[in-house]
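Report on the structure given below.
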Amino acid sequence: MKRIFTIKKQRSLDAIIEDSFKFFKSHIKEIIKIIWEQNKIIITGLVILYFLYFYFYFGMFNRLLNFKRSSPVELDSELFQSVYFGLIAIGLFILALIFIPRLFATVTGYLRYYNEENGEVDISNVKQLVKRKFWGLVGMTFLLIFLLVMVVALLFLLLFAVGQANEGFAVLLFLIIFVPLLFYASIYFTLVYYVYVFEDIDMFEAMRKTKNYLKNRFWFSFGVMFVMSLIIGLIGMVIDAPVSVYFFIKTILMVENQDIAKFAGQGDIVVSLFSVISYAGQLILRILMIIAISFLYFSIREYHTGESLYDKIDKIGVKDNDENL
């Protein structure tokens, strides 16, 4: 008897969190395998650039603690290294801009086809979805940023105009309008990506539907995102602990002993390796977060449409060998 995980159903907050960890534990290997197969070159480039980024970053920090160095040769070397650091940062930003939407599309694609194909995910379908949705996800990101910047700019112009007459009223208006706006936008902008991928619609229709889905479900959505962010943040702190402790201890030693700073070199291989491992861990945690928000999406969609209930009614009398977890 084949056992599959029921994704498309309404869940409570604790059920979303619990099922997210269950699904993550059961399917993380398959998801990572697909991500690696589609992004070998990008991931390799990210690892190399991330290592070099922190190598130069901590190298510059080491030299800041070495107060005695000031020769022209050393200054010229630092100038070139600053240029290298800037180029590496730009390259890292570009690769991340390419990789993050592909990562998101892969994870949501896996969940989508797992749901549609009753647990049998055809990797080729996931790959096609990533290709089909990549530019849309990038375009949506820039569109949402543009809309947010425009709204914020108009709001600040309004507040500035009001502030000329009454500063106290302008501050009150800021608290009443701007803070709730950012609060709502953080939930809305997160969920709209999931609507866009799972429902296979254009970005403007996804924005409209997201607004409808959040009716009567905004605080529930906020609760899920807040709790999951808190949990993942705590796990992330544990993952980051080795590099933080190592860097803290080394900084203290370098401040107390200038000879250590003098021979610190251009960077620190150990802390750079720790940083790469930490970055990999954060990406895996991002997968967990995507799974959780996907379950949130299906839950609020079910709340508004009752879709899975109708599916169950349609299947009454039909033999089903699948067993829900």
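The values are calculated or read from the model by the stated rules, or taken from the named source; none is laboratory data. Source: prediction; values computed, not measured. Backbone-built Cβ (ideal geometry, glycine too); neighbour counts: all protein chains shown.
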### Query
Restricting the search to region 152-173, which residues are over 27 Å from Phe220 (Cα atoms), modelled with pLDDT under 75 and surrounded by 14 or more Cβ atoms within 10 Å (Cβ to Cβ)?
Leu159, Val162, Gly163, Ala170
### Query
Picking from Ile176, Ile187, Ile100, Ile123, which residue would you name as being farther than 22 Å from Ser294 by Cβ and either surrounded by fewer than 12 Cβ atoms within 10 Å (Cβ to Cβ) or under 27 Å from the mean Cα position of the chain (by Cα) (or both)?
Ile176
### Task
Out of Met228, Met237, report the one residue that is touching a residue at least 40 places away in the same chain (Cβ under 8 Å) and either surrounded by 13 or more Cβ atoms within 10 Å (Cβ to Cβ) or more than 15 Å from the chain's Cα centre (by Cα) (or both).
Met228
#### Entry: Sole exception among (1) in contact with a helix residue (DSSP H, G or I) (Cβ under 8 Å, 6 or more places away or on another chain); (2) assigned to a helix (DSSP H, G or I); (3) not aliphatic (A, V, I, L, M) for Asn216, by number
(2)
### Task
Within region 95-114, work out how many residues are of a type in the set (D, E, K, R) and at pLDDT below 95.
1
### Message
Where the second residue is polar (S, T, N, Q) and at pLDDT 95 or above and the first is in a helix (DSSP H, G or I) and lies in region 34-58, which pairs have Cβ atoms under 7 Å and are six or more apart or on separate chains?
### Response
Ile34/Thr106; Ile35/Thr106; Gln38/Thr106
## Note on the structure
For region 196-219 the number of residues that are surrounded by 14 or more Cβ atoms within 10 Å (Cβ to Cβ) and under 18 Å from Phe142 (Cβ atoms) is 6
